[in-house]
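Q: Please read through the structure below; I'll follow up with questions.
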Amino acid sequence: MSRYLEDELDDDQFRSLRLRNGLYQELHAYMLRVVIPYGTLNVKQLQQLVYIADKYDKGYGHFTTRQNIQFNWIQLTQMGEILKDLAKANLHAIQTSGKVVRNITADPLSGIRVDEVADARPYCELIRQWFTLHSEFSWLPGKFKIAINGAKLDEIGLEFHDLGLQLTLNDKNQLGFSVYVGGGLGAAPMLVAKIKSFVAEQDILSKRKFIKKRIFS
């Protein structure tokens, strides 16, 4: 921020940097979008978001359809302190805007739904670790949205995403995914096409045992 404020970066150079870090320039102030990976927050993180809303905004934030939170009255000169305060609770704003892979959407009741085939959160976390700060996914032709659902009932809108993964069991009771590709909203909305009814778990993800043990053991 200081480089821009000291005129070392022009508007175009700064726009590229701020958008990749969730900062939008709006009519009256800047808006900061903070990522909430697959819609999961712990108590400390929620308390820190409340602190940021009270200190740097007007006492509130807006939760988004992609399970992020936005603060709409941010002063550019305070951005450095805001990012530091987010980091204290392991929160950030990386890849919440711009032409990147966005936050993965999952059912907020993942892990406790009675109709759940499997918990979607370990798969969300593995994919999140794979694409975050990955150079190949920082300069895409357009934003790319992923959703993963573990319940039999789809309440996250798999068909509205570029990539939708539905956890399912085949006739041998093996865990895998139905794969949906090509959905989107915006100016030209369309529903995805199912391109595969079953892809085995090991053919989509690697190191799944490690990630499950690390997150939920």
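Q: How much space per residue, in cubic angstrom, does the convex hull of the C-alpha atoms of the chain take up?
A: So the per-residue Cα hull volume is 142 Å³.
Q: Right, next: Excluding Glu155 itself, what net charge comes from residues whose Cβ is under 11 Å from its Cβ, given Lys and Arg +1 and Asp and Glu -1?
A: In short, -1.
Q: Something else about it: What is the sum of charges, Lys and Arg at +1 and Asp and Glu at -1, for the other residues whose Cβ falls under 15 Å from the Cβ of Gln70?
A: Summing Lys and Arg as +1 and Asp and Glu as -1 gives +3.
Q: Hey, another quick one. Let's test the formula: R0 of 41 Å, r as the Cβ-Cβ distance of Asp12 and Val199. What FRET efficiency results, to the nearest 0.05?
A: In this case the efficiency is close to 0.50.
Q: Mind checking the dipole of region 72-217: about its Cα centre, +1 per Lys or Arg Cβ, -1 per Asp or Glu Cβ, Debye to the nearest 20?
A: With Lys and Arg at +1 and Asp and Glu at -1, about 440 debye.
Q: I would also like to ask the following. At 1.4 Å probe size, with every protein chain present, just tell me what the per residue accessible area of region 43-199 comes to in Å².
A: In whole numbers, region 43-199 has 53 Å² accessible per residue.
Q: OK, next. Solvent-accessible area of Ser135, probe 1.4 Å, all protein chains present, reported in Å² to the nearest ten, please.
A: Ser135 has an accessible surface of roughly 90 Å² with all protein chains in place.
Q: Okay, moving on. Residue by residue through region 69-76, what is 3J(HN,Hα) from phi via Karplus (6.51 cos²θ - 1.76 cosθ + 1.60, θ = phi - 60°)? Round to whole Hz and write x for glycine and proline.
A: 10, 10, 10, 9, 10, 8, 8, 4
Q: 5 Å is the cut-off here: which amide hydrogens, built 1.01 Å from N in the peptide plane, fall below it relative to Val117, excluding neighbours closer than 5 in sequence?
A: For Val117, whose amide H was placed from the backbone, the distant partners under 5 Å are Ala151, Lys152.
Q: Right, here's the next one. In region 78-119, which trypsin sites (Lys or Arg not before Pro) are in a loop and have at most 13 other Cβ atoms within 10 Å, using DSSP for the loop call?
A: Hits after loop and neighbour filter: Lys88.
Q: Strictly over 23 Å apart at the Cα level, which of Lys58/Lys145; Lys145/Lys194; Lys44/Lys99; Lys145/Lys196 would you flag in this model?
A: Exceeds cut-off: Lys58/Lys145; Lys44/Lys99.
The values are calculated or read from the model by the stated rules, or taken from the named source; none is laboratory data. Since this is a predicted model, take the numbers as computed values, not measurements. Positions of Cβ are generated from backbone atoms using ideal geometry, with glycine treated the same way; all protein chains shown enter the neighbour counts. Surface accessibility is based on the protein's heavy atoms, side chains included, excluding ligands, DNA and RNA. Shrake-Rupley method; radii C 1.70, N 1.55, O 1.52, S 1.80 Å.
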